[in-house]
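Here, each number is a calculation from the coordinates, and none is a lab measurement. The structure displayed is predicted, hence computed values, not measured ones. Virtual Cβ from ideal backbone geometry, glycine too; neighbours counted across all protein chains shown.
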Amino acid sequence: MVETHVLTFTITKSFSEWAATYDASKPLQKVAGITSLYRGVSKDDPTKVCAVMQAEAGVMEAFIADNAEMIASSGHVLESTVSQVFV
């Protein structure tokens, strides 16, 4: 079953720096079976980001675990992530 993941989190770099790393990871996301639908920054707080992706159950969690170092290097504060999953 395809799940839609709405992730919100804090970044320590500029949005454009974070987005460059995120966009560069799209080939890895595709191989893992993740479809990126949206990424954006809060209009009120430049350290708050939202990313919306779709993947089969378990894929997103495995991708994050397997790529934690790369994700953290983007400025994404992993422990700040709030994940909501919709089916």
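Name the residues in the range 26-59 that are without any contact (Cβ under 8 Å) to a residue 12 or more places away in the chain and of a type outside the set (S, T, N, Q), would you? 26, 27, 30, 31, 40, 43, 44, 45, 58 - these are the residues of the range 26-59 that are without any contact (Cβ under 8 Å) to a residue 12 or more places away in the chain and of a type outside the set (S, T, N, Q).
Can you confirm whether the range 75-82 contains a residue that is without any contact (Cβ under 8 Å) to a residue 24 or more places away in the chain, among the small types (Gly, Ala, Ser) and either part of a helix (DSSP H, G or I) or surrounded by 15 or more Cβ atoms within 10 Å (Cβ to Cβ) (or both)? No, the range 75-82 contains no residue that is without any contact (Cβ under 8 Å) to a residue 24 or more places away in the chain, among the small types (Gly, Ala, Ser) and either part of a helix (DSSP H, G or I) or surrounded by 15 or more Cβ atoms within 10 Å (Cβ to Cβ) (or both).
Residue pairs whose Cβ atoms lie under 6 Å apart, separated by 6 or more positions or on different chains, with the first residue in the range 1-12 and closer than 15 Å to residue 64 by Cα and in contact (Cβ under 8 Å) with a residue 60 or more places away in the chain and the second of a type outside the set (S, T, N, Q) and surrounded by 15 or more Cβ atoms within 10 Å (Cβ to Cβ), are 5/53; 5/60; 6/52; 7/51; 9/49; 9/76. Considering the range 20-53, the residues that are of a type in the set (A, V, I, L, M) and either in a strand (DSSP E or B) or within 14 Å of residue 77 (Cα to Cα) (or both) include one that is farthest from the chain's Cα centre (by Cα), namely 41.
With respect to the stated conditions, residue 62 is surrounded by 12 or more Cβ atoms within 10 Å (Cβ to Cβ), out of contact with any Phe, Trp or Tyr (no Cβ under 9 Å at 6 or more places or on another chain), touching a residue at least 24 places away in the same chain (Cβ under 8 Å) and among the aliphatic types (A, V, I, L, M). Within the range 54-70, the set of residues being assigned to a loop (DSSP other than H, G, I, E, B) and within 12 Å of the chain's Cα centre (by Cα) comprises just one member, 67. Among the residues of the range 15-31, are any polar (S, T, N, Q) and in contact with a Gly (Cβ under 8 Å, 6 or more places away or on another chain)? Yes, there is a match, as at least one residue in the range 15-31 is polar (S, T, N, Q) and in contact with a Gly (Cβ under 8 Å, 6 or more places away or on another chain). Once the range 24-46 is narrowed to residues that are exposed (fewer than 12 other Cβ atoms within 10 Å of the Cβ) and not aliphatic (A, V, I, L, M), the residue that is farthest from residue 7 (Cα to Cα) is 27.
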